[in-house]
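See below for the structure under consideration.
Nothing in this text is a laboratory measurement; each read-out follows from the coordinates by a stated rule. Note that the structure is predicted; figures quoted are calculated from it, not measured. In this analysis, Cβ positions are derived from the backbone assuming ideal geometry, glycine residues included, and neighbour counts consider all displayed protein chains.
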Amino acid sequence: MKVTIVSKAPPGGRCTLYLGYARTIADCFGAEVEIVHPAPEAEVQPPALLVDGRLIAPADGIILSPEDVHDAVTEVGIGFPDLLDRLETAETDFMKGCEP
């Protein structure tokens, strides 16, 4: 499994959150994590997260939720017992880092 974060340089808020999701997936599945910084004309622009080359679309059209990521990973046909809980923890940890 390969997880790709399409990120700004330097990464902003959503890019950082998506990196947390990617690291969680890597921890669970031993996935390879790749960070790309696309050219302005690239089809996929930051922030974005791909699993095995498949772009994950946010259900709300704005930001990926733990559920969005979980659903995309399970659609690839791979499950992990507490993946959703771990993704929610990654989101919570990110949000704590945003508090003043």
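Points worth noting:
- Residue order, fewest to most surrounding Cβ atoms within 10 angstrom, among L55, L84, L17, L50: L55, L84, L50, L17
- Proxy reagent accessibility, fewest Cβ within 10 Å first, across T4, T89, T16: T89, T16, T4
- Computed from the C-beta positions of I35 and M1 and an R0 of 22 Å, the FRET efficiency is 0.90 to the nearest 0.05.
- Between the stretch 55-88 and the stretch 1-21, the alpha-carbon center distance in angstrom: 14
- Ranking of D93, D60, D68 by neighbouring Cβ atoms within 10 Å, starting from the fewest: D60, D93, D68.
- Length gained on full extension, E43 to A57: 3.6 nm, using 0.36 nm per residue less the C-alpha separation.
- Each residue of the stretch 66-80 was assigned a 3J(HN,Hα) from its phi angle through the Karplus curve 6.51 cos²θ - 1.76 cosθ + 1.60 (θ = phi - 60°); the sequence is x, 5, 4, 5, 4, 4, 5, 5, 5, 5, 5, x, 10, x, 8 Hz, with glycine and proline shown as x.
- Comparing I5, V44, Y21 along the charge dipole axis of the stretch 1-52, the residue lying farthest to the positive side is Y21, per the Cβ-charge model.
- Computed over the Cα atoms of the chain, the ratio of the radius of gyration to the Kirkwood radius (Rg/Rh) comes to 0.94.
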